[in-house]
Amino acid sequence: MVSTGSSNVLRRHLHPALKKLGYVNEKTGTHKAGTHAFRRFRNTYLKNFTTCPEGVRDFWLGHAGTDMGDLYDKIKRDVVFRRQCAENCGIGFELYPLVVPSVPKKRRLRAISLAA
């Protein structure tokens, strides 16, 4: 189940952006895709268009280690190296506009805290 916040991001931002880019989902024939599309894109971009080490890519994507070499890797501890890889690899697309929309935080009602 998709949370309300996630569905708002999809409906308000991702789906309109995909439509504007002319994206067509092969399975549904629409311009819509889910949040997993970000993960698939990131994997494809890092694997095919950068020199990102496999261990770093697997760490970023949350993949479990498959052999003893993954245990010896210690990539989880090497933040400096991961940041260097991130700077070298980039994100694979340009962000426009550079202004991030402000989302108001929900405030708890004071009456609820007074009633407690």
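Does the stretch 73-89 contain any residue that is at pLDDT below 90 and surrounded by 15 or more Cβ atoms within 10 Å (Cβ to Cβ)? Yes, the conditions are met somewhere in the stretch 73-89. Within the stretch 41-68, being among the β-branched types (Val, Ile, Thr) and surrounded by 14 or more Cβ atoms within 10 Å (Cβ to Cβ) holds for 50, 56. Here residue 114 meets each of (1) assigned to a helix (DSSP H, G or I); (2) farther than 22 Å from residue 48 by Cα; (3) modelled with pLDDT of 85 or more with one exception, condition (3).
The values are calculated or read from the model by the stated rules, or taken from the named source; none is laboratory data. Just so it is clear, the model here is predicted, and its values are computed rather than measured. With ideal geometry, Cβ positions are generated from the backbone for all residues, glycine too; neighbour counts draw on all protein chains shown.
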